[in-house]
Amino acid sequence: MIYDVIIIGGGPAGLSAALILARCRRRVVVIDSGKPRNAVVRTFHGYLGRDGTGPAELLRDGRAELAKYEVEVLDDLVVHAECSGKSAEHAEETRFSIVTQTGRTFLTRKLLLATGTRDELPPFEGLRECYGISVHHCPYCDGWERRDQHLLAYGENPNSAIGLAELLRGWSKQVTVLTHGQAVNNEQQQRLHRSGLALQTQPIERLLHTDGQLQAIQLQATEPLAADALFFNSSQRPQSELSITLGCEMANEFITRTGRRQTTNVPGLFLAGDADGEVQFVIVAAGEGATAAVAINRELQAEDLHR
């Protein structure tokens, strides 16, 4: 049996694409590893009509909607994917083969990667316990809830920390830049002064918290610095390595889109969600999933007509 579309990743992007494709009467299967990027987040924001919804609630509701269309959603991990060439009967049609961790093999005409990305958390004691509660990476997602509080901004280098702090000034006038032992130059000092930002260059030892709520941050050789929340700017990596084995063009470890319709350089392979390293909102991921679904359906229609 050959599916019309296999979607790898069952987050907002993947489920949204599956819904549109199911309504186009396409045979679709969604394969999800069950490790969403926002698993530790209590609620997400900025999604019109669902602001403040829990991520697990959104995914549960999405799966329930897909069940009405008899879309298969499998809890499994794709361990191998490859373009298996063209259809033997129709040279213009693409084919992909998928193998999962449980040993199942699937064939499909089109493939959508909606595997997302993962954040590399700073290696500070206590940070993981606070992540998703009082430690955040996206001011647009969590800045409102931390408005007018004392906020800390950490980056892998002074420029990234200062840039994040400048953004956070839109939500609070009390923002402190943490450079974790790295000195700042004259130009960076001027940026701090212009923006009214405080600075701490001492190395970070640990986060002091109560049940994940940040109370203070312990810096080397100083008294604890009281604060309400920490925002960080650090490296991100794709959640899955499948894009590399499939031959996708990459830029800074993210998949490169080749067109407005979520296409990649690999014919028949599409992309939706955070794996492109662009704006990483739940609502944007869902929108990209819908956009990809329309593009996929158009390609399938063209192939069907050519037959």
With 10 angstrom as the radius, rank LEU197, LEU178 by how many other C-beta atoms surround their C-beta, starting from the fewest.
LEU197, LEU178
[x] 6, 25, 28, 19, 14, 6, 1, 0; [y] 6, 29, 38, 23, 4, 0; [z] 6, 22, 25, 19, 14, 10, 3, 0, with the label sought being that of the calculated P(r) over Cα pairs in 10 Å bins from 0, in percent
[x]
Kindly rank 235-243, 284-292 from highest to lowest mean number of other beta carbons found within 10 Å of each residue.
284-292, 235-243
Relative contact order as a percentage, the range 1-66, C-alpha pairs under 8 Å and 6+ apart, gives 34
Tilt, helix 12-23 to longest principal axis of the chain (alpha-carbon atoms), in degrees rounded to tens, equals 20
Roughly how big is the chain's charge dipole about its Cα centre, with Cβ charges of +1 (Lys, Arg) and -1 (Asp, Glu), in debye to the nearest 20?
620
Just rank ARG95, ARG109, ARG261, ARG194, fewest to most, by other beta-carbon atoms within 10 angstrom.
ARG194, ARG261, ARG95, ARG109
Provide the gained length on full extension for the span ALA198 to THR105, in nm with one decimal, where the gain is 0.36 nm per separating residue minus the Cα-Cα distance.
27.9 nm
To check you understand DSSP bridge types, tell me what percent of the beta bridges within the range 175-291 (both residues inside) are antiparallel, rounded to 5.
80
Restricting to the range 121-233, what percent of DSSP beta bridges are antiparallel, rounded to 5?
35
Label-point separation (nm) for ALA64 and LYS35, each offset 7 Å from Cα along Cα-to-Cβ?
2.9
Order by protection proxy (mean Cβ within 10 Å, highest first), peptides 23-35, 150-162:
150-162, 23-35
For THR222 and THR53 in the same chain, what is the full-extension length gain: residue separation times 0.36 nm, less their Cα-Cα distance, in nm?
56.9 nm
Could you give the size of the charge dipole of the range 121-233 about its Cα centre, using +1 on the Cβ of each K and R and -1 on the Cβ of each D and E, expressed in debye and rounded to the nearest 20?
320
In deg cm²/dmol, rounded to the nearest 500, the helical mean residue ellipticity at 222 nm of the chain, built from -39500 (n - 2.57) for every DSSP H run of length 4 or more, is -8000 deg cm²/dmol
Which of TRP144, TRP171 comes first, and how do the rest follow, when ranked by fewest Cβ neighbours within 10 Å?
TRP144, TRP171
Could you point to the residue in PRO123, TRP144, LEU112 farthest towards the positive end of the range 111-167's charge dipole, with +1 and -1 charges on the Cβ of Lys/Arg and Asp/Glu respectively?
LEU112
To test your reading of the geometry: what angle, between 0 and 90 degrees and rounded to tens, separates the Cα axis of helix 55-67 from the longest principal axis of the chain?
10
Rounded to 10°, Cα long-axis angle of helix 158-168 versus longest principal axis of the chain
90
Can you list the HN-Hα couplings for the range 177-182, worked out from phi with the Karplus curve (6.51, -1.76, 1.60; θ = phi - 60°), rounded to whole Hz and with x for Gly and Pro?
8, 10, 10, 6, x, 8
Of HIS306, ALA285, SER240, which is farthest towards the positive pole of the range 218-307's charge dipole, taken about the Cα centre with +1 and -1 on the beta-carbons of Lys, Arg and Asp, Glu respectively?
HIS306
Here the percent of antiparallel bridges among DSSP beta bridges lying wholly in the chain, to the nearest 5, is 45
How large is the convex hull of the C-alpha atoms of the range 126-228 per residue, in Å³?
89
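Read-outs throughout are calculated quantities, based only on the coordinates presented, and are distinct from any laboratory measurement. Note that the coordinates shown come from a computational prediction; the quantities given were computed from them, not determined experimentally. Virtual Cβ from ideal backbone geometry, glycine too; neighbours counted across all protein chains shown.
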